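Report on one structure; see the data block that follows.
The values are calculated or read from the model by the stated rules, or taken from the named source; none is laboratory data. From a predicted model like this one, the values you see are computed outputs, not experimental measurements. Don't worry about glycine lacking a Cβ; one is built from the backbone with ideal geometry, like all the others, and counts go over all protein chains shown. Each accessible area value is taken on the protein alone, full model and side chains, heavy atoms only, with ligands, DNA and RNA left out. Shrake-Rupley method; radii C 1.70, N 1.55, O 1.52, S 1.80 Å.
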Amino acid sequence: MPKSSIQQTWLVASWEFLHFFKWKQEIISKLIMVGIALVVFLWQTVKHDYTDEYKVAIKPVGELTLNSDKFVFDEVTKDLSELKEELKNETWDAVVIETSQQGVLPNLHIYSRDKQSWINELRSVLKNHYKDSYSQTLGLSESQLAAIRTGATLKIEYLDKTVKSKEKTSEAVAIGMLIIIAVGVFTSFGQLFVSVTGEKQQRVTEQLYSCISPQTWIDGKIIGQMLHAIKAMVTMVITFMLVMAFTTVVLNGGSVDFSFIDWGLLPWLILFAVTGVYFCTCIMASIAAAIDDPNHSGKSAMMMLPLLPLIITFITLESPSGWALTFLSMFPLTAFAAMPVKMSLIDVPLWQPILALILTVLTCVYIRKAAARLFKMCMTMYGKEPSILDMCRWFIKDPT
Amino acid sequence: MELTVNQVTKTYGDLTAVNALSFHVSQGEIFALLGPNGAGKSSLVRMLTGFTHPDDGQISLNLAGQFFSHIPSQALGYLPEDRGLYPEKSVLKNLVYFARLHGMSKADAQQEATQWLEKFDLSDRLDEQLKSLSKGNQQKVQLISAVIHNPKWVILDEPFSGLDPVNQEKVVEFLTELKAKGMTVILSAHQMAMVEKLADRMLLMNLGEAVFYGSLHDIRQQAATNAVLKVTYDTIDRLKIQSSDHGLTIEQLTEESLQVLLQPSQSINDVLASLTTFGNIKSVHSQSLDLHQLYLHAISKHKEEKQQRPAKEKQYA
């Protein structure tokens, strides 16, 4: 029984995917990720069960009353060398010496056995203590003291009400989004280049043409490569999350906080990222088919064309409500990059992403057909490469 | 089920690769496409497979009552001139992949691949990477990949190239087996001895045109030269050969022997009468031209005719 084109497409896609899928590497990298996640989880669990208390020897010049939940301060009068010895023997976790009191506030010297995550906390406890002590000597009221502690309150207000309140986070999400799409595109770029030029050099093209249509062939290839691109993007997001969690929990002693994720925005970001990678992969596959000699072809650089929308969007990032990003977010060739960025930065009316997505999908439908035409013509040409003019003509119309 | 090619022309820019070509291929026969490099065989094959389309004329295939303008992929097994499978993958994976693309289930594809590999003495190498096999063995795997799905029509471009004589004989057996299974085989080859042994009918092409078409017997009939006489003399009078208007095509083999190409229009008595004027004949042997000789004569004759054609066309103009 002849297979349907969907079955054939899936067969090509799985062949393409497995061609670049190395089980051993995948298992190792995923085990590393699981390991990091376990460390973060265990660290947080242990930290909850075990209350940290650090013993600090402090040698003040005058009188000292110092309280903290985390640190137990013992006033000592011993020599520094003796204290250092006790620090080495783990009698103390840290030693604090007031070295002089020439100014209004003393100079403090903290000794520790090695670099510890709580040192910064100790520093801040000491700083606050001395600041408060000095403030009290000035005879200020409680409200005056509170005002000094909190400092001036700053609030930025934009006339453009669409700008999102968490400005820093939303900009980071926007740039992160561009980077994630770029990772997907670069993954497809490298593997498609190897795969398509490899098949051409191995002269497997005519054999394949006798079994499947060029459309089925390029569809399968694109799906296979897209799966890799999506895998790379997801891996990158998970790695980023893990690194962030590791840094926050293990290095800085905080707790995991993913409140910056806008869950309402997430489905849109995923949709645009997937259609964007599809669009770019289509273009790159058809250009790669024109490359006869991968070592000397000038067309390899043309494969980077799909990165242009990402670069242009990055440039216009500064002004999310400006005409440039507004145009790019609706223009079908750039919408996949510009719209999610705009959505991350400012509130966008619902019709805009819907329209942009429809336009992008329609463009993908056209590009899919055009890429197959170009792919068919280019893949059967050996020995010489088609001119850019030829490629443009074939992209528009089937010459056969 | 018959493939008919009617007045088909294909041009690439200024070059006419195939020029008003007509022939037909019947179901179950082995049909050979012959011709020197650049004769237009590959262009013709590409039109038969549907990779390209004729600029003029029609190709028609009746397949169970349905008409196609080329051999459809579900009925086609193809060994292209440019060989290639996936060298990094195993022999079995390559074969199963192509069989599955042609619609076979994984289990059937594996079973069929194993059987074919056994026939070609490659059953112990099915898990090896294709690139680790010798060129000849890779060629065998490629041949299997073209027929593993039991197609009704098989096009084999140069199936003997790269094979030693023992393996060439194996391919002859292989093709005979395909014919016995009811497959129609269109084969392009330069090994005339193999073609003579295998082909039911053939088409000899040169510069995009048909030179001969039919069975070997038909071709012998069509050929201007269909036999040679080898004549041995005591001594040959060369001057007489050069001076007399004998109308014979003569090639001097040695000091005492000649080879004369016989044409169907020539009377053997007249030929012998002319030959006796060159000296005292010791012996005469006649033999039919084999396909190789017919091919060489036909191609050179067609070239001459083609060169004269523009001059004649100019005269008429």
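Structure notes:
- Boolean, A:Gly176 is assigned to a loop (DSSP other than H, G, I, E, B) and open to solvent by less than 60 Å² (accessible area, probe 1.4 Å): no
- Flag for B:Gly28 being part of a loop (DSSP other than H, G, I, E, B), touching a Ser or Thr at 6+ places or on another chain (Cβ under 9 Å), open to solvent by less than 40 Å² (accessible area, probe 1.4 Å) and not aliphatic (A, V, I, L, M): yes
Yes/no per residue for (1) modelled with pLDDT under 80; (2) not in a helix (DSSP H, G or I):
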{"residue": "A:Gly103", "(1), (2)": "yes, yes"}
{"residue": "A:Lys115", "(1), (2)": "yes, yes"}
{"residue": "A:Leu126", "(1), (2)": "no, no"}
{"residue": "A:Leu145", "(1), (2)": "yes, no"}
{"residue": "A:Lys155", "(1), (2)": "yes, yes"}
{"residue": "A:Lys161", "(1), (2)": "yes, yes"}
{"residue": "A:Ser165", "(1), (2)": "yes, yes"}
{"residue": "A:Ile180", "(1), (2)": "no, no"}
{"residue": "A:Phe193", "(1), (2)": "no, no"}
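- Filter pass, A:Lys231 being modelled with pLDDT of 90 or more, assigned to a helix (DSSP H, G or I) and within 14 Å of chain B (Cβ to nearest Cβ): no
- Candidates A:Asp390, A:Asp347, filtered to the one that is among the charged types (D, E, K, R) and closer than 30 Å to B:Asp56 by Cβ: A:Asp390
- Yes/no for B:Leu95 being within 13 Å of chain A (Cβ to nearest Cβ), of a type outside the set (Asp, Glu) and closer than 24 Å to A:Val194 by Cα: yes
- Complete set of residues in segment A:96-126 that are surrounded by 12 or more Cβ atoms within 10 Å (Cβ to Cβ), in contact with a helix residue (DSSP H, G or I) (Cβ under 8 Å, 6 or more places away or on another chain) and of a type in the set (Val, Ile, Thr): A:Val96, A:Ile97, A:Ile110
- Just one of the numbered conditions (1) out of contact with any His (no Cβ under 7 Å at 6 or more places or on another chain); (2) in contact (Cβ under 8 Å) with a residue 12 or more places away in the chain; (3) buried (at least 16 other Cβ atoms within 10 Å of the Cβ) is not true of A:Thr187: (1).
- Any hit, segment B:59-71, residues being surrounded by 15 or more Cβ atoms within 10 Å (Cβ to Cβ) and within 27 Å of B:Asn137 (Cα to Cα): no
- Options B:Leu261, B:Leu275, B:Leu296; residue that is modelled with pLDDT of 75 or more, assigned to a helix (DSSP H, G or I) and open to solvent by less than 50 Å² (accessible area, probe 1.4 Å): B:Leu275
- Matching residues, segment A:367-393, being assigned to a helix (DSSP H, G or I) and either touching a Phe, Trp or Tyr at 6+ places or on another chain (Cβ under 9 Å) or at pLDDT 90 or above (or both): A:Ile367, A:Arg368, A:Ala370, A:Ala371, A:Ala372, A:Arg373, A:Leu374, A:Phe375, A:Lys376, A:Met377, A:Cys378, A:Met379
- Within segment A:127-162, the residues that satisfy the criterion of being open to solvent by 100 Å² or more (accessible area, probe 1.4 Å) and of a type in the set (Ser, Thr, Tyr) are A:Thr137, A:Thr150, A:Thr153.
- B:Asp82 open to solvent by 50 Å² or more (accessible area, probe 1.4 Å), within 14 Å of another protein chain (Cβ to nearest Cβ) and charged (D, E, K, R): no
- Taking (1) β-branched (Val, Ile, Thr); (2) under 24 Å from B:Ala199 (Cβ atoms); (3) within 11 Å of another protein chain (Cβ to nearest Cβ) in turn, B:Val147 satisfies each apart from (3).
- Residue match in segment B:161-173 (condition: within 21 Å of B:Leu34 (Cα to Cα) and surrounded by 22 or more Cβ atoms within 10 Å (Cβ to Cβ)): yes
- In segment A:72-95, residue most open to solvent (accessible area, probe 1.4 Å) [restricted to those that are over 17 Å from A:Gln116 (Cα atoms) and in a loop (DSSP other than H, G, I, E, B)]: A:Thr77
- Screening A:Ser321 with (1) of a type in the set (Gly, Ala, Ser); (2) surrounded by fewer than 20 Cβ atoms within 10 Å (Cβ to Cβ); (3) in contact (Cβ under 8 Å) with a residue 12 or more places away in the chain; (4) not in a loop (DSSP other than H, G, I, E, B) gives one miss only, at (4).
- The selection criterion, being buried (at least 21 other Cβ atoms within 10 Å of the Cβ) and either at pLDDT below 90 or more than 14 Å from every other protein chain (Cβ to nearest Cβ) (or both), does not hold for B:Ala109.
- Residue check for B:Thr235: open to solvent by 50 Å² or more (accessible area, probe 1.4 Å), farther than 30 Å from B:Asp56 by Cα and not in a helix (DSSP H, G or I): yes
- Within segment A:198-228, the set of residues being of a type in the set (S, T, N, Q) and more than 13 Å from chain B (Cβ to nearest Cβ) comprises just one member, A:Gln225.
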